[in-house]
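Quick note: the coordinates plus some simple rules give every number you see, no bench work behind them. Only a predicted model underlies this, so the values are computations on that prediction, with no experimental measurement involved. All Cβ positions, even for glycine, are placed from backbone atoms using ideal geometry, and neighbour counts span all protein chains on display.
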Amino acid sequence: MKTKIHATAGVIGFLTILTFWSSTVISELFTSYETIASVKTLVLWGMCVLIPAMIIAGASGMNLGQKRNDPLIAAKKKRMPFIAANGLLILVPAAIYLQSKATSGSFDTMFYTVQTIELIAGATNLTLMGLNIRDGRAMTTYKRSAKL
């Protein structure tokens, strides 16, 4: 059961960030300033889904990997602090800042600088989380094939 909770929370976190990232790119490239501001506000509301999912994925992952030392677990444990720090120190503050700037209509150089940093940090987290999902699936492949 813990494994399913962990996997579900991890996939929800990944898909939420992917939605934020792709919505941002699409709105920035193809829509109006009003739509960009709406996307930035929706991203902040989406944190209500993302933050609990990431906490659950991190806590359940630490619990599941507590007594294991195999290479896949070690790789996942190495990535998680970077994913968390990137989220807490770059992505959340950037989302708050960008939403504030966008809703006030201030699409200046600083807005686009922070937007670029946010997109790079988001892509980094998507990559690292994707690697964690891949490694998690590899660790459970044996269990899945044994049940067949």
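In the Gaussian network model of the chain, springs joining C-alpha atoms below 10 Å, which of THR16, THR35, THR24 carries the largest mean-square fluctuation?
Sorting by GNM fluctuation, first place goes to THR35.
Name the residues of the stretch 63-99 whose amide N is less than 18 Å from a point 7 angstrom out from the Cα of THR124 along the C-beta direction?
Once the point is set 7 Å along Cα→Cβ of THR124, 76-98 turn out to lie under 18 Å by backbone N, inside the stretch 63-99.
Placing +1 at every Lys and Arg Cβ and -1 at every Asp and Glu Cβ, with all other atoms neutral, what dipole size does the chain have around its Cα centre, in debye to the nearest 20?
1120
Suppose each label sits 7 Å from its Cα in the direction of the beta carbon; what would the LEU131-VAL11 distance come out to in nanometres?
Those two pseudo-labels are separated by 2.2 nm.
Restricting to DSSP H runs of at least four residues, report the calculated mean residue ellipticity at 222 nm for the chain, -39500 (n - 2.57) per run over all residues, nearest 500 deg cm²/dmol.
Mean residue ellipticity at 222 nm (helix-derived): -31000 deg cm²/dmol.
Please check the chain for the longest run free of trypsin sites (Lys or Arg not before Pro) that are loop-located per DSSP (anything but H, G, I, E, B) and have at most 15 other Cβ atoms within 10 Å.
Here the longest run is 69-148.
Explain nothing, just compute: Karplus ³J(HN,Hα) = 6.51 cos²θ - 1.76 cosθ + 1.60, θ = phi - 60°, for every residue of the stretch 123-135 in order, whole Hz, x for Gly and Pro.
So the Karplus estimates, Gly and Pro as x, are 5, 5, 5, 4, 5, 5, 5, x, 5, 5, 5, 4, 5 Hz.
When the Karplus curve 6.51 cos²θ - 1.76 cosθ + 1.60 is applied with θ = phi - 60°, which whole-Hz ³J(HN,Hα) does each residue of the stretch 14-20 get, with x for Gly and Pro?
Residue by residue, the stretch 14-20 yields 4, 5, 5, 5, 4, 5, 4 Hz.
Taking the stretch 42-136 as the region of interest, what is the percent of Cα-Cα pairs per 10 angstrom bin, listed from the shortest bin to the one with the maximum distance?
Computed distribution, short to long bins: 15, 43, 26, 13, 4, 0.
From the phi angles alone, apply the Karplus equation (6.51, -1.76, 1.60; θ = phi - 60°) to the stretch 78-93 and give each ³J(HN,Hα) in whole Hz, x where the residue is Gly or Pro.
Listing the rounded values in order: 6, 6, 4, x, 5, 4, 5, 5, 4, x, 6, 9, 10, 5, 5, x Hz.
Only Cα pairs under 8 Å and at least 6 apart count here; give the relative contact order of the stretch 1-141 as a rounded whole percent.
That works out to 36 percent.
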